[in-house]
Structure formats: structure tokens, C-alpha cells
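Data block below; observations after.
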Amino acid sequence: MAMMSTIKLRGHVGLIELCNISCSVKTLLGPRKSYKFIYDQDTQESTLTCSSFRLLESLDLSSAVGQLFNETVQAHHKAYRTGTTTLFFLVGVWSKAVLECLHHGVPISLIVSVMLEGLNSCIESVEALHIPLYNILTTKHRTDVADGRSGNFGFEFAEHFLKSLKPVELTPPNKGNVNSQRCQKSKLSHSRHFPVPKTSTFQNPSQTSSHNLEDLTKSLSHGDWEVMELVEKAATLLFENAHEISVTKDVFQASCLNICFLRGLPEVNSTATFGYVTLVSPEYATVVQNLEGKPLQVLLLDGDLTEKYRHLGFNKPTNLKSVSEFEDNEKSLSQDSWTSMACRRIVQANVNIILVKGDVCPQLKMQCILRNILIITHVKPNVLQAFSNCTGAEPVAYLSQIRHNSIGREVYAKICPQWSSLSSQTIAVSVQAHKISLVTVVLNCRLTPKMQAMEDQFWACSSKLQNALHDQKVFPGGGGVELFCLDHLQKLEEQLVSVSSVNRGPQFCASSWLYSSAIHYKSSVYKCLANGWMKYLSTLLFNTCEYSSELDAMNFIQNQLQNIGASSSPSSYVFNEYSKNIALIDDMVLPIDHRQVMVYDNIVPKVEAWRSALHLVLTVLQSDAEIITGYATHKQGIVGEPVNGDYVFL
């Protein structure tokens with residue numbers, strides 16, 4: 001007891017800090033994000049953002065807990081580019097949940113083991129909510145969700161996509177898996193969304209809808225429908241380009257996309273186009289005009305085109321010194337000789353376009369302009385790879401490595417006057433190649449501070465579509481999965497009470513106090529974990545502006561939980577009844593033709609955000625406890641399960 005009192009008295013500074021960090025992301029949860037101006041008092045500059053990831057860059061995270069939090073969010077963002085706000089928010093609410101458990105006197109070792117057990121149980125339970133894309137592909141005509149009738153969510157690929165489709169990538173779950181059979185049976189028999197396919201996975205092309213991809217992207221947009229439309233256009237172009245192969249998850253990848261920003265033009269002019277579009281200086285206008293309409297040869301340089309450049313694997317010789325009486329003159333001669341040598345190699349290679357990953361020597365650039373050779377700098381690696389794949393050109397690090405197979409052919413360049421800068425400081429150039437798997441999204445923006453936010457939204461939307469195609473399944477959105485977890489935790493708590501009452505026999509008298517305490521503590525942990533879900537859901541629903549307060553949102557959630565408890569199939573209720581209430585959640589921000597569309601979430605990014613958030617909180621909890629008490633609170637680590645179900649009391 002003395003040890004527990006000490007912990008209460010001195011507090012868990014790390015958990016409190018996590019709560020303080022996470023409170024800033026509250027208004028960014030849900031489809032109607034509020035833009036934030038972040039003001040720096042030192043530089044007196046401000047940044048506009050609606051992204052929790054960008055918000056993180058402006059927070060003071062110099063402490064150990066802040067650095068750990070930053071690393072967790074950075075790792076998740078790098079892997080998925082979506083779900084960061086969920087992770088951000090859950091870290092805060094579950095830190096409060098742990099503090100509540102500590103306030104109730106729950107031992108730390110029990111908090112760690114039971115919270116992990118509860119979350120893992122929730123993750124297993126929500127497998128019943130997986131919506132396979134192959135089921136979605138077999139449905140036909142969608143009716144309004146609010147009608148409650150049998151309907152289709154219309155995601156079959158259009159006729160020009162289906163001509164070459166092969167059902168290799170869209171296979172049903174393993175029939176040998178008992179859990180898969182159970183989940184599939186419950187979904188197909190209790191939900192109006194999933195009629196049993198009587199024939200093959202794919203329909204006849206003449207029977208399909210052309211709005212399949214459009215509906216899927218709308219369902220994943222979560223309010224960012226304007227940006228998601230650009231993702232949809234880009235995906236459509238990529239699918240059309242791959243008409244001779246199977247339309248699989250590998251066709252649409254983030255590496256196949258590029259962004260070109262245009263300042264000063266209205267956002268409605270944003271579009272997607274094949275190939276590589278970039279901005280170059282006006283001095284290249286004459287060069288591009290002379291090259292336009294001709295099949296060109298391209299050279300790809302994976303590095304800088306300068307004399308001093310050395311690739312990462314280069315080891316400079318040691319203990320070598322150059323001594324000369326005319327050092328200054330030799331430097332000048334060396335520079336001239338390198339530029340002349342580089343220019344001579346480029347001319348001998350007979351290339352017309354050079355795509356360079358890094359910088360280019362200014363003198364060499366001028367020499368190439370005089371010879372009608374277009375040089376484009378700061379080209380991203382995925383763009384170089386796309387041109388390498390379609391032209392056969394092998395990227396080189398130095399001009400001395402140029403060989404016959406280093407040159408790509410059948411490349412075309414032209415000026416795009418409709419995308420040129422209004423200030424005439426840059427011109428837009430489009431570089432194309434036959435069957436290139438690269439689409440450039442031209443983003444127009446009149447407000448410079450908004451450009452970063454638009455870019456973040458675009459990559460988030462593209463990642464949502466990519467993740468859905470990669471996982472071949474999605475979750476029902478709008479908080480349905482979290483509502484299901486709430487119901488599941490309540491049932492676990494009820495099971496604890498029933499087991500406790502049944503097992504109160506004479507054989508348990510010797511350890512009745514310990515057993516009762518364990519049941520009581522475990523029930524408290526489940527309740528605190530559920531409170532985190534409740535806070536998440538109420539904030540999510542309140543931010544949709546459908547409820548006047550978070551209390552009203554909580555009342556709605558409680559009513560839904562009661563309805564789920566009265567339903568014979570909780571998963572069926574979430575699919576059907578709950579979906580009616582959230583299907584029109586974006587009505588006020590979507591145009592008429594975008595309304596009455598189901599909301600979907602990615603599976604893996606969401607589940608991994610849950611795991612990362614809880615693991616971070618429990619890591620900080622145990623670190624705090626070890627600093628306060630000087631005692632390691634557990635032996636098996638937070639990623640493991642309790643050994644033999646035993647709990648260690650402090």
C-alpha cells in the first residue's frame with residue numbers, strides 16, 4: 001500500500017504529458033476537420049494545417065516522452081500515411097484511462113496485461129466486420145442506404161477494365177479456417193450488403209456499372225471529396241494504361257503518382273494527367289519548343305550532375321595530397337575541363353533530355369541549353385524509376401557510366417501553357433513516354449499556406465485507396481468498428497461478473513480475496529479501456545456537427561449499444577441499422593451527387609493505430625513506474641501475454 005500511495009502522490013508525469021500533447025488534435029478527428037493556424041512566437045511566422053502529422057512538427061517534443069511519441073507517429077505515418085489522427089487521439093484518451101485505473105488502485109502489472117488482452121480481443125472480434133472487396137464486386141444495383149432494402153455498393157470495374165480481369169488477386173478467405181467460415185457465414189446470412197455469389201467473382205462486362213471506382217473513392221474520402229476525386233482520376237488513368245494485364249492491387253501504387261503545384265490558379269482547375277509534369281525556368285522555353293513532337297532520347301542520373309558529387313558508396317582515398325604552385329589557376333582549368341568533358345559526353349551520347357535526381361552545375365546547364373538539351377533537376381526517385389521501366393534506360397550515377405543501355409528512347413516533351421505560372425517565372429513542361437506507369441496530379445492553389453495541407457490530403461486519400469486495394473477488404477466507417485468494440489468490452493465485463501458468481505464455491509474460499517480482487521480490477525480496466533472508445537466516438541460524432549454537444553453524442557452511442565445488445569447479430573446491426581445513421585454524415589459538405597454513399601475505413605492502418613497507441617501508453621506507464629518506484633513492474637514485456645494467466649500485484 002505504501003508503494004501504491006507513493007505512486008499516487010508523485011504522479012505519472014509521462015502519462016500526463018501524453019494527455020497534454022494529444023489534446024491539441026481533438027478538432028482534427030472526423031470528416032469535418034478544422035484548420036489550425038500554428039503561430040511561432042520566436043519567428044513570428046504562422047503555418048496553416050488540418051493534419052495531425054503536420055501539427056506534430058510544430059509541437060515542443062524535446063522531452064523523452066515527446067520524442068517517443070514523435071517516433072511512434074512518424075513510424076505509423078511512414079508506413080500508412082493515414083490513421084495518424086486516430087493514433088494521436090487514442091494516446092491521449094488511453095493515457096487518461098490508465099491514470100483512472102491507477103486512481104482506483106489497480107496494480108500496474110494488471111493494467112498492462114488486461115489492457116493488452118482487451119485490445120487483442122477487440123481486434124479479433126472486429127474481424128466479423130471485414131467487408132471483402134470481392135463481395136462488393138459481385139453486387140449489382142445500389143439502392144439508397146436509408147431505405148433499408150437490399151442494395152449494392154457498386155464497385156465492379158467498368159467495361160474497359162473488365163475485359164482483361166482475372167480473379168487471381170480477389171480470392172475468398174481460406175475455407176479451412178474455422179473463424180473465416182464463421183465470419184463469412186454471419187456476414188452473408190445476416191447482412192443485406194452481401195448476397196451469396198452464384199457464379200464467378202466477376203460479372204459480365206455488359207452488366208457492370210461504370211461508377212464502381214467512383215463510389216469506392218467517395219466512401220473512403222471522409223470529407224476530402226475534392227482531393228479524392230483527383231485520386232480517382234489518377235487511378236482511372238493507371239487502370240486504363242494497364243488494360244492488357246490483370247487489374248490488381250499492384251496497378252495503383254503511391255510510387256505511380258507525382259504532384260506538381262501551381263500557385264495562383266483556382267483549385268477547381270486541378271487535374272490528373274499521364275506522364276511527368278514539372279515547372280522549369282523560362283530559359284528552357286525555346287529548347288522545349290524545338291524538341292516538341294520529336295521522339296527523344298533520355299538519360300537518367302541518380303545523383304548530382306556536378307564535379308564534386310560522389311555517390312554514397314564512394315570511399316575517398318586517404319593520405320593523398322595534391323601540391324601545386326599554380327593551385328588557383330588549376331582550379332579554374334579543372335572546372336572548365338570538367339564542364340567541357342561532361343558536355344562532350346552528353347553530346348556523344350546523343351541525348352535530348354536529362355532527368356537528374358539532384359543539382360546540376362550552372363555552367364553545364366547553360367552549355368546544354370545552347371545545344372537544345374533539356375535538363376530537369378530534383379526529379380524524385382519514383383519518377384526516374386517510372387521512365388526506366390517504360391524506356392529501358394538504366395539510371396547512372398556518373399556520366400562516365402553511360403553505355404548503350406543507359407539511354408531511353410521514344411520520349412516526348414511539350415510545353416503546357418494552361419499550367420504555366422501566372423507570374424511567368426516558370427513554365428510547365430510535360431514529359432511523356434509510351435505506357436508509362438506514372439500520373440502527375442496538377443494541384444492548383446491560390447493560397448500558399450494551404451499548399452502543404454492539400455498535399456497531405458492528397459497523399460492521405462491515395463493511401464486510403466491503395467490500402468483498400470492491397471488489403472482487399474475494408475471496415476464499415478463512421479465509428480461502427482469502435483461501437484462494436486464498446487459492445488464487445490461490455491460483454492467481456494458481463495462475463496467476468498457471471499464467472500465470479502458461478503465460481504464462488506467452497507473450493508475458492510482460501511483465495512477468495514485475491515480472486516475477487518483480480519475480477520474487480522480486471523473489470524475496472526475493461527471499463528476504463530471502453531471509456532477511451534466512448535470518448536473517441538463521442539468526439540468523432542460531435543465533430544460531424546450532427547450533435548449539439550458531446551453529451552448528446554454519448555446519449556446516441558448509449559442507445560446504439562442498447563440496440564446492439566438486443567440484436568441477435570451485433571455485426572448485422574452495425575452493417576445495417578447503424579449504417580443508416582452515418583451514411584449521410586457528409587451531406588453538408590458533399591455535393592448532391594456525392595451523397596447517400598456508405599463510409600468505409602482501412603483495416604490495417606486503423607488496427608495498427610490502436611496497437612501503436614496502446615503500446616506507447618503502456619511503455620510510458622511502466623517507465624514512469626520504474627522511475628518512481630525503482631522496480632521493474634513486469635517480466636515479459638508489453639508485447640507479450642501474461643504467463644499462465646497469472647497477475648503480479650505490487
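The values are calculated or read from the model by the stated rules, or taken from the named source; none is laboratory data. Bear in mind that the values here come from a model prediction, so they are computed numbers and not experimental data. Cβ coordinates were reconstructed from backbone atoms using ideal geometry, including for glycine residues, and neighbour counts include every protein chain displayed. For accessibility, only protein heavy atoms count, side chains too; no ligands or nucleic acids. Shrake-Rupley method; radii C 1.70, N 1.55, O 1.52, S 1.80 Å.
Just a few scattered comments:
- Applying the Karplus relation 6.51 cos²θ - 1.76 cosθ + 1.60 with θ = phi - 60° to the stretch 95-101 yields 3J(HN,Hα) values of 5, 5, 5, 5, 4, 5, 4 Hz, where x marks Gly and Pro.
- Label point at residue 345 placed 7 Å out along Cα→Cβ; residues across the stretch 361-396 whose backbone nitrogen lies under 14 Å: 361, 364, 395-396
- FRET efficiency for residue 414 and residue 35, using Cβ-Cβ distance with R0 set to 35 Å, rounded to 0.05: 0.40
- Computed on the Cα atoms alone, the convex hull of the stretch 445-484 gives a volume of 87 cubic angstrom per residue.
- Estimated at the nearest 10 Å², the accessible area of residue 96 is 120 Å² with a 1.4 Å probe.
- For peptides 408-414, 437-443, sequence by mean Cβ density within 10 Å, most packed first: 437-443, 408-414
- Averaged over residues, the count of other Cβ atoms within 10 Å places the peptides 81-87, 371-377 in the sequence 81-87, 371-377, highest first.
- The simple spin-label model puts a point 7 Å past each Cα toward its Cβ; for residue 67 and residue 434 those points are separated by 5.5 nm.
- More than 21 Å apart - percent of Cα-Cα pairs taken over the stretch 4-88: 38
- Take each peptide in 347-356, 220-229, count the other Cβ atoms within 10 Å of every residue, and average; sorted highest first, the result is 220-229, 347-356.
- Point-to-point label distance, residue 447-residue 307, nm (Cα→Cβ direction, 7 Å offset): 4.8
- Placing 78, 357 in order of accessible area, with the largest value first and a 1.4 Å probe, yields 78, 357.
- For the stretch 338-381, dividing the convex hull volume of the Cα atoms by the residue count gives 69 Å³ per residue.
- Solvent-accessible area per residue, Å², over the stretch 385-487 with all protein chains present [probe radius 1.4 Å]: 38
- Filter on 26/606; 26/218; 414/450; 36/380; 33/450; 491/527 - keep pairs with C-alpha separation over 21 Å: 26/218; 414/450; 36/380
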